[in-house]
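Below: the structure, in C-alpha cells.
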Amino acid sequence: MLRKKTLWMGLALVVGSIALPLWLLLPHRAAPSSDPWDSVPVKKPGTDHTRLLNGPFTSGSEVTVACLKCHPQAARDIMRTSHWTWESKPFRMANRPEPVTLGKKNAINNFCIGIQSNWPPCTACHAGYGWHDANFDFSNPELVDCLVCHDRSGQYIKGDAGIPEKSVDLLAAARSVGNPTRENCGGCHFRGGGGNAVKHGDLDGSLYYPSEEIDVHMGRHKFVCTDCHQTTAHDIKGRSFCLSQDMAEQIRCTDCHQETLHKDERINKHVNSVGCPTCHIPNVAVKQATKVHWDWSQAGQDLPEDDHDYLKIKGRFVWEKNLVPEYRWYNCLSEHYLLGDKIDPSGVTELNRPRGDIRDPKARIMPFKIHRAKQIYDATYHYLLQPNTVGPEGFWTKFDWDRAARIGSEATGLPYSGNYGFVRTDMYWTLTHMVAKKEKALQCTSCHGDHEKRLDWIQLGYAGDPMTHGSRKLNASN
Amino acid sequence: MRLESFLRMAALALALLLPAVVSGQAMHPVFSLLDEQGGNVLVTARAVSAAKTCGQCHDSDYIAAHATTGHADQMNLATHGIERLERAGRMNQGGAPSSAAAMNCFLCHLASPNNEARLAALAGGQAEWSTTATLEGSGMVLRVSDRWHYQRSAFSPQGTLLPHHAQMRDPENHHCGFCHGHVHTRHDEPVLIAAGDIGPWSTFTTGQVIAPQKISESGLNLAGKERLVRAWDVHAERLLDCVSCHFSVNNPAHQQADPARQPGHLAYSPRRLDIRQYLHQPSHILAGSATLPAGSALSVQTPMRRCEGCHDFDKAHPWLPFKARHRSSLTCETCHIPQLYAPAAATIDLAGTGTHIVYRGGTPSGDVIHELVSGYRPLILPRRETDGSLRLAPYNLITTWTHGSTETGKARPVSAEVQPWAIHHNVTHGAFVVRDCQTCHDRHSMLSATFFLSTPRSGGTIELWPESAGVLPAGELVHQAEGFYFTAKPGTAGFYILGHSSVPWVQWLGGVLLLLVLAGIALHAFLRIRAHRHAEADGEETRLLYLYEPYERYWHWLQALLIIGLILTGLTIHAPGRFAWMSFAAAVRVHNVLAALLLFNAFLSLFYHFASGKIKTYLPEPEGFFNQMFAQAGYYLSGIFKGEAHPFEKSQHKKLNPLQKITYLVILNILLPLQIITGLLIAGAQEWPAISRQLGGLGFLVPFHSLLAWLFAAFLILHIYLTTTGHTPLSSIKAMITGWEKVPVHPEEK
C-alpha cells in the first residue's frame, strides 16, 4: 500500500497540474502602484505636558528655558533654520560676482517692501523674542520662540518684535504643547503681507477648516501642513519661491503621487511640459480674495478709507477672488532683485522672475499669482528704495516719502539721492496649495482651442496652440 | 482725393494688420455683396444672393450640385415647432421632406450669423431676404421694421465689405448646432436644456449634446449629477469639431480614397485637389450621415472617418477578451454611449388635441419639474452595415401617433409608427463606459432591454419600422397596462450571447436526463441496500490486486477535476446570474484554461496508452462481447441484489468490464472529441469566424456544447455511483487512489 505522504504528494501533483497553468495563463491584476498614503507620516501622539510644567512664566524666554531642560538640542536646531535666521546661506547667483545671502532679513518685495528699519511689526512673525532692531542677538537660544509652533491652547499671540501679547497665559500655552497644527503655521503664513489672504493667494484663513472644494488634501483628506512639510530636526521642508536659491527643500507632488498616474495616456504626455499645479489648481483665493495690485504712489491722501480699496498709509489696492492664475515656464528657480540692483524706471521691474523657458528641459508651465505694484524708487540712482514706514518718523506717521526714504536708506546702507519716484514692479507667487479635487481639474478646453484660452501660447514661446502646432522640441542632448 | 487715398491706405493697413489680429483665420479677401442680378446691393438695395456673391470666386453651381441634399432641405425650411414635428411624423412614415430655397453660405461660414432673423424672414414670407437677414446684427445689415438696410460703415468706398466683415471661416460646432443639436462651447455657463425645444434636432430625437463641459457642471437636474464627472461628449472635450469627422469629401486635408478603387499595394494616395482647386469647387457633401432613417432623403453614404479611422481597437482594449468577436458584433457606440442625459423624445402625439410629447429620462412633459431626471440607456438594435454584416448599435425609438388616411365625415383611426434614431455622439471613455461583461452576458442583458414606447391609447395600432431601414426590428412589441413597450431580442437576428441566450429544450432535455439517472441510481441503491440487509455477505476472503499504475491514476484524477471544473465554470458561463460563484469574465478564462488542460491531458494519456499497450484494456473483445455485456447488465439489474459475484473478474489486464468498455469508448471517442471540437469552435468564433459560422454558428454550437455537458454530468454521476459496486462501496475508489483494489478471492484460488 501507498504511504500517506505519497498520497498527499499525488494529490498535490494533480491539483498543481491545474493550479499552475491557471496561475500562469490567467491575467493578473497589476500590482497596485505605489500608494500615496505611504508617504504621509503617521504622527506619534504628543506627550501631555500639563503635569511637566508648573511655571510661573513671566516671559516667553522663561518658557523656552523650561523647554530646553528636556529638549536641549531644540533651540540649536531651530537657530540653523530660516525660521530663525531669515536669511539663506551664501549662494553663487548667475551674473553676480559675490556670493549672495538672501532672506526676509534683507529682501525687497512689493507689499510692505522690506523689514529694515521696520522691524517690530514685521518680526512679530519671527520665531524668536525681541527682534526690535538690527542689533538682535541671533546667537541666544533663550530667545527662540517654541510656542509659536507648538502652542495648542489657541490663545498664544505674538505682538511687535515677536513678544507675546500681554493677554497670553504663558503657562497654559506651555502646558498645551504638541505637534504643530494648521493654526500654528497659518498664524503667520496665512497672514503674509500684513493680513489674511494678502500675499500668496493659495494660502489664507479658509485653510484652517477647508472644505474639499478649497483644498483636496486638507479638506477631503484632512491633511495638516506638516503632512507635506515634513520636519527633520526642526528643519521644515519646503521652500520660498521668492527667497530660496536652490532646490534642496523642494516638496514635489511626485513625493507621493506617480507622475504618470492618469488613466489617460494623452494627459500623461503632458507632464513633460506642464507642472501638476497647472491643471490641478485651476483657481486660487477660492473663498477669500487676495491682493493682486497695490499702488503705493497714491498713499498719503485723505480719501475715504476701506481695507479692500484704499488706505491712507498704504495706497490703493485691488483684490481678486477665485483668481485665475497666470502661467509661465518655470524650472523651480527664480531670479531675485537685490537691494541696489539697477532698474529701468520706464518699464516693469520683476522682483523674482521665474527662470526657465520653452527651451529649458527642466522647465514646465506652472501657475502663478502675479502681484503688481507701484512702489518707491530712487529717481537719480535708478534702484528701488526701502522706505521706513513704521515708527514715529515713518511714512505711516508723517506721510513724508522723502523722510521715509532717507531713514530706510540709512538702515539698508544704500545711498539715497533725495530724488524719488514710483515704478511698476511685479512679484510672482508660485501656487502649490488649494489643490482642487480631481473632478475639478482643468479640462482640455481650458487651454486648447478658442474656448477659455488660459494659456497664451505665443507668450510662452510656441508658434501656436501645441495641440495643432505640435509640442516643444527639446534638444536630446539637454 | 487726399481723403480717399488716406482711406485706401487705412483700408490697406487694416487688411495687412487684421490677419495678425484675428488670429490665423483672417485670410478671406474682401468682396461685394451682390443681388440676384449680380448688381452691388449698395446700389440696387435689393436682397443679397449668396450664390451670386460667393459665386464671384467660388463655383456656386458646383456647390449647389454637390451638397448633402438634406442640408438644402433642412436648413431652408422655415419650420419651427409643430411644423417640424409634423415633418418628423412624415419622415417616420417614409415621406421625404419637401425641398425649399437654395442654401445660404453665410449661415455656416460667417462667425456669428443671425439664424433667428433668417428663420423669421422665411416664416414672414420674405424668403428672398433670408440671406440678407442672416447678416443682421453683424454691422453690415440693419433691419428697420420690415426692410433691411445695408450699413455703409461696413463697406469700403469701392463698395466691398471691409476686411473684418469679409472674414469667412470653416463651420464650427455652433453653426452645425443651429439645426443639428444642442451645442455648448462656453466654459463659464452651465449647459441648460429646455425640454420641448425641438430646434436642436439631434438633442430632441436622441438626447445628444455636443459640449466639452462635464455633465456634473451642467445646469440639468440630473440624479447623481456630482458623480457624472465626464464630458457630455469626449470628442468635443478633446476639441474635435463636427467637421473633423463630417468633413467636405473633397477637402484635400481630409479626403479619403475609396479603398475599393485603390490598387492594393497603396496605403495612401497623395493625388488630391490642391488648395486653389478646392477653394474654387469645395464639395458641400459632408462625410457621414449614413445611418439616418432610410426613406428620408438623408441616407447618403459618404466616406466618413469612423471610430476605427482614428482609434486602434486592439490597443485601446488590452483588457478585453475575444476582441475580434466583440468588434464584429458591436459598434463602438454600444459600449461607449451607455447613457444619454438630455431629454429625448419618446412619444410624439399628433393625433390628439394639440401636440403632446413624452420625454425619456423622467422629464415630465409639463412645465413643473417634480423630480430629478435620469437620462436613458439607449436601446441596442442590430444594424446592417455597409459590408453586409450585422452589428449591434444604440438607438432611441420615437413613436409618433397620427391620424391615418382621412376619410371625410368619418372618425379617423389612430395609428403610430415607431422609428429608430441612431446615436453616434456623446461618446465617453474610462470608468463611464460599459466594461462589466455581465451588462450583456447575463439573463438581464442590456441587449434585451424593454424600452418604453408610448402610454396606452385605446383603439390605436402601433407599427414597427420596416426591416429595409437597415436597422432590424429584432424584438417584439409588448402591450402592457402602462403602455406600449419594445423588448429587444437580438437572438431573432442571429446573435447568440453567452450567458444571456439559451435554448430551453436543450436545458430541459439535459435536466430530465440527469433526473432520470438520479432516480435510477436512487432506486438501484435502495434495492441494493435492502438486498444487502437480507443477505449479509460475511467474512468473505479478499486479496489485494494492483490495478492502476501511478500515471493512470494521475491522468484519471486530473481528468476528473478538470471535467468537474469545466462543468462548474460552464454553468456560470451559461447563467452567470444564477451560478455567481465567480464572475462571467473569470469563468470564461478559467473554462478556457481548463479546456486546454483537458485536451493536453487527453493527448498525453492517449500516447501513454498506446505506448504501453494498455489501450487494449479499452478495446472490447469482439468474440462474445454482446453476451458479456448482457451478462454484466444482468448482474447490475439482478445479480447484484442477490449477492452474486461479479461476472467478470478484475485483473491487471482486464480492469474494465464490457459495459465500461463500451461506455468509455463512447465517451472518449465520441463525447469528448465532440465536446472539444464544439468548444474549440465556440472559442474559434474569435479567430476563425467563418469556420464557426459554417458549422452552425454560436446559435447551434453553444446549445450543442451544453447538451453534451449535460451528458457528461449524467455520466459523471452514474460513474461515481457504479464505483460503489465493488467489493465494498469504497474499494474501487480506493483502488483509483492507491492502485490496489481489494477483490474477493475466488473459491478455486483457495
With criteria (1) surrounded by 14 or more Cβ atoms within 10 Å (Cβ to Cβ); (2) assigned to a loop (DSSP other than H, G, I, E, B); (3) on the phi < 0 side of the Ramachandran plot; (4) modelled with pLDDT of 85 or more, B:ALA236 comes up short on (2)
Flagged in the range B:477-518 as among the charged types (D, E, K, R) and touching a residue at least 40 places away in the same chain (Cβ under 8 Å), in numbering order, are B:LYS489
Expected single match for out of contact with any helix residue (DSSP H, G or I) (no Cβ under 6 Å at 6 or more places or on another chain), loosely packed, with under 11 Cβ neighbours inside 10 Å and within 14 Å of chain B (Cβ to nearest Cβ) among A:LYS5, A:LYS44 is A:LYS5
So the helices (runs of 4 or more DSSP H) completely within the range B:678-750 holding 1 or more residues that are within 14 Å of chain A (Cβ to nearest Cβ) and not basic (Lys, Arg) are B:731-738
Every listed condition ((1) at pLDDT 80 or above; (2) within 20 Å of B:MET140 (Cα to Cα)) holds for B:LEU14 save (1)
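Conditions tested, residue by residue: (1) surrounded by fewer than 17 Cβ atoms within 10 Å (Cβ to Cβ); (2) under 31 Å from the mean Cα position of the chain (by Cα).
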residue	(1), (2)
B:LEU665	yes, no
B:ASN669	yes, no
B:PRO673	yes, no
B:ILE682	no, yes
B:GLY696	yes, yes
B:PHE700	yes, yes
B:PHE704	no, yes
If you go through A:LYS362, A:LYS437, the only one that is within 28 Å of the chain's Cα centre (by Cα) and within 14 Å of another protein chain (Cβ to nearest Cβ) is A:LYS437
The lone condition B:PRO550 fails out of (1) at pLDDT 80 or above; (2) more than 14 Å from chain A (Cβ to nearest Cβ) is (2)
With the first residue restricted to the range B:724-750 and required to be among the acidic types (Asp, Glu), and the second required to be modelled with pLDDT under 75 and surrounded by 12 or more Cβ atoms within 10 Å (Cβ to Cβ), Cβ contacts under 6 Å at 6 or more apart or on different chains are none
With criteria (1) farther than 24 Å from B:ALA123 by Cβ; (2) within 44 Å of the chain's Cα centre (by Cα); (3) at pLDDT 80 or above, B:ALA51 comes up short on (1)
Q: For the range B:146-162, indicate whether the set of residues that are in contact with a His (Cβ under 9 Å, 6 or more places away or on another chain) and closer than 17 Å to B:VAL43 by Cβ is non-empty.
A: yes
For the range B:561-577, the count of residues that are over 15 Å from B:CYS437 (Cα atoms) and out of contact with any Leu (no Cβ under 8 Å at 6 or more places or on another chain) equals 4
If you go through B:ALA469, B:ALA481, the only one that is surrounded by fewer than 17 Cβ atoms within 10 Å (Cβ to Cβ), at pLDDT below 90 and not charged (D, E, K, R) is B:ALA481
Only one of B:ALA324, B:ALA351, B:ALA344 is in contact with an Asp or Glu (Cβ under 9 Å, 6 or more places away or on another chain) and among the aliphatic types (A, V, I, L, M), namely B:ALA324
Taking the range A:345-364 and keeping residues hydrophobic (A, V, I, L, M, F, W, C) and either surrounded by fewer than 21 Cβ atoms within 10 Å (Cβ to Cβ) or within 30 Å of A:ALA299 (Cα to Cα) (or both) leaves A:VAL348, A:LEU351, A:ILE358
Just one listed residue, out of A:TYR428, A:TYR462, is under 25 Å from A:ASN352 (Cα atoms), among the aromatic types (Phe, Trp, Tyr) and more than 14 Å from every other protein chain (Cβ to nearest Cβ), and it is A:TYR428
Within the range A:400-414, the residues that are over 32 Å from the mean Cα position of the chain (by Cα) and assigned to a loop (DSSP other than H, G, I, E, B) are A:ASP400
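The values are calculated or read from the model by the stated rules, or taken from the named source; none is laboratory data. Here the structure is a predicted model, which means the values were calculated and not measured. Cβ sites come from the backbone with ideal geometry, for glycine too, and all protein chains shown count toward neighbours.
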